[in-house]
Amino acid sequence: MKKALLLFLFTISLGLGASAQKIKLFDTYLKLSDMSTRYVLVLEDNTIWWFAPGQAWQKSSTNGLPANYQISKFSAYSKPDGSSRYVAVLGDQSIWWFAPGQAWQKSSAEGLPSGYKIKSMEAYTKQDGTRYVVVLEDNTIWWFAPGQAWQKSSMSGLK
């Protein structure tokens, strides 16, 4: 009886542990329309979840991302109208963006050097539109505005 009870408890603990996911990536931002806080995270299974204080966590869409995608970098931000945007770098180094209510879309890599490998990435909004900034494995910094090619940033003054 004791062995059966221990086996039962062990089985339950395995089931609970298997369903618990670890956070892989995390970002926060302010909705610019009302300055409310948002948290966005990517779990180990590459699902994306968002949170607003006073609400439960909600799963975000991954519609449009390629099959078997793996998110390696992630950034979230708000447009001036308060709409949210997510940008993700996938394991194959492709860059994708998302607006709630729409499918994920692949972003341009035009202008980035051949064989680029992204070490770090951030996305934000300016008065004249969205910007992405990446640091590549060779420690160069590049920036992007939709409709334009990626541009290498100056490294002048860095030692």
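Laboratory data are not the source of any read-out in this text; all were calculated from the coordinates shown. None of the values given here were measured: they were computed from a predicted structure. Using ideal geometry, Cβ is built from the backbone for each residue, glycine included, and neighbour counts are taken over all protein chains shown.
How high is the FRET efficiency between V135 and S83 when r is their beta carbon distance and R₀ equals 25 Å, given to the nearest 0.05? Please list the in-between numbers first.
Numbers: r = 27 Å, r/R0 = 1.07.
Calculated transfer efficiency: 0.40.
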For n ≥ 4 DSSP H runs only, could you compute -39500 (n - 2.57) per run for the chain, divide by its residues and tell me the 222 nm figure to the nearest 500?
-4000 deg cm²/dmol
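Using the Cβ atoms and a cut-off under 13 Å, what net charge is assigned to the surroundings of K31, where Lys and Arg are +1 and Asp and Glu are -1?
On the way: positive: R38, K79, R85; negative: D34, D81.
Local charge sum for K31: +1.
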Could you check the spin-label model distance between I23 and S94? Points 7 Å from the Cα along Cα→Cβ, value in nm.
2.8
Looking at [x] 1.33; [y] 1.03; [z] 1.10, which value of Rg/Rh (Cα atoms, Kirkwood Rh) comes from a calculation on the structure shown?
[z]
Placing +1 on the Cβ of each Lys and Arg and -1 on the Cβ of each Asp and Glu in the chain, which of G147, L90, I48 has its Cα farthest towards the positive end of the resulting dipole?
I48
Relative contact order of the chain (C-alpha contacts under 8 Å, at least 6 apart) in percent is 13
A103-W143 pseudo-label distance in nm [points 7 Å out on the Cα-to-Cβ vector]
3.2
Which distance in Å, rounded to a whole number, links the C-alpha centroids of the stretch 132-159 and the stretch 33-88?
24
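Measure up K79/K159; K106/K126; K59/K152; K22/K126; K31/K159; K79/K117 against 29 Å on the Cα-Cα distance and list the ones that go over. Write out the running numbers ahead of the final one.
Numbers: K79/K159 34 Å; K106/K126 21 Å; K59/K152 35 Å; K22/K126 33 Å; K31/K159 36 Å; K79/K117 27 Å.
The answer is K79/K159; K59/K152; K22/K126; K31/K159.
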Rounded to the nearest 0.05, what FRET efficiency do K119 and N68 give with R0 = 22 Å and r taken as the Cβ-Cβ distance? Could you check?
0.45
Hey, can you rank 131-141, 71-81 by average C-beta count inside 10 Å, highest first?
71-81, 131-141
Under a GNM of the chain (C-alpha, springs under 10 Å), which listed residue has the highest mean-square fluctuation: Q127, Q58, Q148?
Q127
